[in-house]
Every structure is written in structure tokens, then in C-alpha cells.
Amino acid sequence: MDKTININLGGTLFNIDEDAFRILRDYLQALNSRFANVQGGHETVEDIELRIAEIFQSQKGLAGAVTKENVESMIAIIGKPEDFDTSGSESDAPVYTSQKKRLYRNPDDKIIGGVSSGLAAYLDTDPVLFRILFVLSTIFFGVGFFVYIGLWIALPEAKTESRKRAMYGNAYNRQGTGTYAGNLTLDGAAITNTGSYNNTSKLGNALNEVFRALGRVFYIFLRVFAIIIGVSFVLTGFLFILCFVMIFVFKFPGIFSINETGINLVYFADFLKYIVSPASVPWLMILVSVVVLLPMIALIYWGVKMIFWFRARDGVVSLVALVVWVMCLAALAIIGFNEGVSFAETGKSSIETVLPQTPDTIYIITDHKIADLKYEKQISLPHEEYSVFLNEEKKELYVRPYLSVDPSEDKVTRLEVRKRSTGRNEFEAVKKTEALIYNYRFIKDSLNLDEYFTIPEGRKWSADEIGLHLYIPAGTILKFDNTSRILVHTHFHDENEDYLMSRWESETGNWIMTSDGLEPLSSKASSRK
Amino acid sequence: MDLENNKAQMRKGILEYCILSVLSRNSCYASDIIKELKEAEVIVVEGTLYPLLTRQKNAGLLSYRWEESQQGPPRKYYELTDDGRKYLAELDKSWKELVESVNLIRTR
């Protein structure tokens, strides 16, 4: 060995290896504290030291250094202080002054968290009592479970000897758990094997065993449950992140086409830049990413924690993450509000065209159809029959106008084109309506119009709307083509509105204007017969 | 109930009696006592003995004298005092009674 130390043991000098010395020193310290409070303890230690010297000499002779092995075999012969079988006698049990009792969880006698036996130690009763109370109140009211968990969290564990003493208070030495001296546990076997059973009845012992077994089963059940939850957390988290990446980074179609609502989330990001001001787009993307991804990452982390059942000092990190998340959410709300303001005010403008002479039959013909347009993406608002079509190349948006046909009161055929947009103020909104491009014209007895109007390049969508209000005298026949029929949002002023609506869906399109509104021509003709 | 604990408790009760009995035959030093007690399987580790010896000596049951040893440090030779002999006689009597009582119960 590298280093040896000279020591004087029971009047004899020994050369001892450094590592052996450390063990010996600890052993002697343990002896000293074991006998510190015992009458004649000092003498006892001296006797033992003499014996140690004797053992070393018989092992080594006087030559050579004492090794670690020597010390270990010596300790095996004399025994550790906690193995000394002397605690049965009253006189050498250390006396403690009265101590204030405190409530702890008892680690030496526990089934789940040691709450019950801690309470029992505090109130100087049997833990079984509390165990039964907890189980019963859990079964019948469910309260016990939460009270137990709460106490488990709130109460510290009596890990150290001083805490154990405080847990039992003055009853400590009377407990069957043995006597304690300093940091040494005497009669160790009795503590670990019997716990506080010595004071318990046979029934109590049996119940203790049963609860112990139940506790183990419960613990295993809990672990399995935690692992299942953990795995589902991790899977959910990964799945969400995968979906998010697919949608917003790779624009993977097909995953999130929610056809029922008509909102195609896949293209949401593409539409974003036509809805908000361009400067906000990158910010929104980052903020949405953080707001969505951060909880998912947290979910995965919790899952992993539950699976592997570890504790980590993640308080600060969690707090920072939470603050970041809340701040992102707030920023998102501020930007959202700011963008929302640009939709605050509505502006309207309208143009009226009057036909000098009303023909018997008016044909409503579609010039340009959306089907013929080059558009890549469509986003529809549910239940509003409002769709926006996007041409990424031209950076144009297309929207369908609506057509409303009503009887005119002055026997004159008129077309009123009402445009509507939104903006920060009315003036801006009106300006926006004027920029909307829409083509329509009267040619002889036909009204030629487009199926869409165009929001020009570089202008974002502002909830724009164009309404075509056609007023025609009663008795005029209207003929729609298949496309223009779609545009009509006419209120049928008739008691069998539903019937007419269904006719509207199926009829190919000859209608007659009455003073009450449109009616299918065929039904009118048949009713006249 | 714990069997080992029970056995240990029994041993504890008779240990002091055994020490006095060993010393009643002739004076001897700690290792001799240990040897006998170990053979009889009354103690497991030597450390148990030393505090008991100290206590019995302080109670006036034992006295000791130092003797030089050729192999090592000087040894404490213990012997019974007169008080110790009286005390042992009482214990002998009590032990006999105890054995009888136990036998009576066991064989009934």
C-alpha cells in the first residue's frame, strides 16, 4: 500500500494502511458514540481497544502493516456496535430528555408512504387504525385518497435519527423498535424485521401484513397505471408534433382535411398571409409553433417521467417554460387583436344599372367560371356558402358573389351591385370596395356575369362581399345557366318555401317572377291549366 | 412475531448469568470467557461481552487484575467477588426455578 499510518492502540503501536485506518477510525467512533451515554462506557471502549490490539497482533505479529482485511476480520469478530446484544438491560439505554413531538412520515413502517404510521406515532396509537380509516374513507367517500396524497406531499419523511425521535416523542424509547444512541442504530435486526409490531396485537400484526401486501399490489398497480398513462402521453405528444410538422412544414395534404366544416387546415398557413398583414406572418408562425409545441413537449416529458418514475429538479425549467408559453399566448392575442382591428369597420359602395326596356325573357349567363380558373387552394367558411379561392402565382384571391332576384316595384329592370369590405375605418373600407374587380354587363336580353370577383394582387382579404340585386317586373321569365343558378340566394316569398328550394336545387332553370317572388315556370304553367 | 428477535431476547436474559458462571470456576480474561460463551452459542459477537463485564464490575460483582501477556498487550483477569458469589447463588436458584417452571408448563 502507498501510505501507512502509525497508531497507538491499547498501548501498542501499529503500522496501519491508510484505507484500513479509515475503517478502523469510523469503527472506533461508532463505538465511542455507542457507549458515550452509558455508565462506564469509556472503560468498555478501552477494553475493546485492548482486544482489537490483541486481535491485530495475533493476525500480524508485530511486523508489517495492518491491512483492510485485518480490520474487517477484526470487526467480524467483535461485531458492529449495533449487533451488541445488550440493549435488554435498562441501565445502558441512553436517556433522552422530553422532546416536542412532530408529525412525520415513518419510513420504517410503511405500506405506501408511511403516513398512517407517522400519524400513529404522533398520536401514540396503532397505525392499523389509520390504515383502516384511509381505506374506508377512500372506498365510501373517496376523500381518504386525496387526504392521504395531500399528507404524503405535505409531511416530510423521518429520515434521520433526530427526526425519528421527534416523531415518537417521549414514547421513543418505549417503542419496540429498539433503543438508539447518537446516529447508531442498536438492535438493527429488531427494527427492520419487526418495526413497531411489538406493541401491536396479533390481529394488528395480521392486518399489518395484509395491508403491507395490499400496499405492494397497489404500488405495482400504480406503477403500471403510471406507465400506461406515460406511454399515452408520449405517443400523443409525438403524434401532435408529427401532425404539426406535416401540416405546417411539409404541407402534407390528407391528414387534416376537415371536409365537414370545409376548412382545410393544410392550406391554412398559405391563406394566413392573405388574411393578416405580411409583416405579422412570420411572428404568427413562430408564436403558433411555440404555443402548440411547448405543451406537447411538456406532455412528452411528463410521460417519460411517469414511465421511468424519476424525480428531477425541473422546477425552474418548468416555470420558465410556463412563462414563455404564457408570453407567447399573450403576444398571439395582441397580434390577433391588432389584426382583428383591420376588420373592425365595414364600408359599402354600390352601382346601379337600369335597363331601359324589359325583355320578356332574361337569360342570366355566366361568362367566366371558377372551374376555368387556375386556383390552387380553396378555403371555405362553414354554413356561409362563402369560399375563397387562391391563385398563388398571381397572388390573387377569388370570391363568389351572390345573386338576389326580387320583383321590382316600378316595372323597371335594375341591377344593383353592392360591394362590401372591412377596414380600420369606414373610409379605408370603402376604398377597398372600389378595388374589387367584378365584370358584368347587359347584352340585349341577357345579363352576362362572372362567377367570381377578384381581390387584386397584394391586397389582403377583408371579408369582401359583392351582392348582385336584380329587380325585375312581375311576369318576366328568367333563364339561368347551371353556374349562375349557384349564385342565387333568393328568398322565396311563399308559404311552401322548402318545396321551392328543393325545386330550385333540381330544376334546370326556367323561372317566372311573380309579385311574391320567383316561382318555377313549369309549376306556374301547370297551375294555370 | 419475530423468531430471531425472540431468541435474542432470551439470550440477553441469561447472558449475565452465564458470565458469572464461567468466572465462578476460575478467574480468566475476556477472551477465555468469549471462547466459552461462543462454544455454548450464547453470544454471536465479542463486543456484546465488554459492556456487560464493565457493568458487573461497577456493580461490585467482579474484580480484575492486570497480567502481562507474552503475545500482546496486558490482559485484564476477572474474578468473582464475595458479592458476586452471593449474586450467582441467587441466580442459580432462580435459574433452577425457572427451568422447573418451564418444564412443568411444557410437559403438562
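Laboratory data are not the source of any read-out in this text; all were calculated from the coordinates shown. These numbers come from a predicted model, not from an experiment. Every residue, glycine as well, gets a Cβ built from its backbone with ideal geometry; the counts of neighbours run over all protein chains shown.
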Inset, instruction - Treating each Cα of region A:15-75 as an identical point scatterer and ignoring solvent, apply the Debye formula and state log10 I(q)/I(0) at q = 0.13, 0.14, 0.30 Å⁻¹. - result: -0.35, -0.40, -1.25
Legend entry - FRET efficiency estimate (nearest 0.05) - Cβ-Cβ, A:Arg313 to A:Ile334, R0 45 angstrom: 0.85
Inset, instruction - Determine the gain in length on full extension of the stretch A:Leu123-A:Val224; use 0.36 nm per residue of separation and subtract their C-alpha separation, reporting nm with one decimal. - result: 32.9 nm
Legend entry - Inter-chain shielding of B:36-47 (mean C-beta neighbours from other protein chains, 10 Å cut-off): 4
Legend entry - Partner lysines for A:Lys159 [C-alpha distance under 18 Å; skip if fewer than 8 residues away on the same chain]: A:Lys100, A:Lys101, A:Lys110
Inset, instruction - Go ahead and collect, in residue order, the members of region A:271-300 whose backbone nitrogen is under 19 Å from a label point 7 Å along the Cα-Cβ direction of A:Val231. - result: A:299-300
Inset, instruction - Can you pull the one-decimal nm distance between simple spin-label points at A:Lys3 and A:Lys369, each 7 Å off the Cα toward Cβ? - result: 9.7
Inset, instruction - Please work out the FRET efficiency for the pair A:Leu13 and B:Asp92, using the Cβ-Cβ distance as r and a Förster radius of 45 Å; give the result to the nearest 0.05. - result: 0.50
Legend entry - Phi to ³J(HN,Hα) by Karplus 6.51 cos²θ - 1.76 cosθ + 1.60 over region A:471-478, Hz, x for Gly, Pro: 10, 10, x, 4, x, 7, 8, 10
Inset, instruction - For peptide A:8-19, compute the average count of partner chain beta-carbon atoms within 10 Å of each residue's beta-carbon. - result: 1
Inset, instruction - Using a Förster distance of 45 angstrom, determine the FRET efficiency expected from the C-beta separation of A:Ser33 and A:Ile241, and round it to 0.05. - result: 0.20
Legend entry - Whole-number D in µm²/s for chain B (Stokes-Einstein; Kirkwood sum over Cα pairs; 25 °C, 0.890 mPa s): 161
Inset, instruction - Binning at 5 Å from 0, report for region A:335-418 what percent of all alpha-carbon pair distances ends up in each bin. - result: 3, 9, 14, 16, 18, 15, 12, 8, 4, 2, 1, 0
Legend entry - Over 31 Å (Cα to Cα) - which of A:Lys80/B:Lys86; A:Lys374/A:Lys432; A:Lys369/A:Lys419; A:Lys3/B:Lys35 fall in this group: A:Lys80/B:Lys86; A:Lys3/B:Lys35
Inset, instruction - Please give the contour-minus-distance gain from A:Glu416 to A:Lys159: 0.36 nm per residue of separation, less the Cα-Cα distance, rounded to one decimal in nm. - result: 83.9 nm
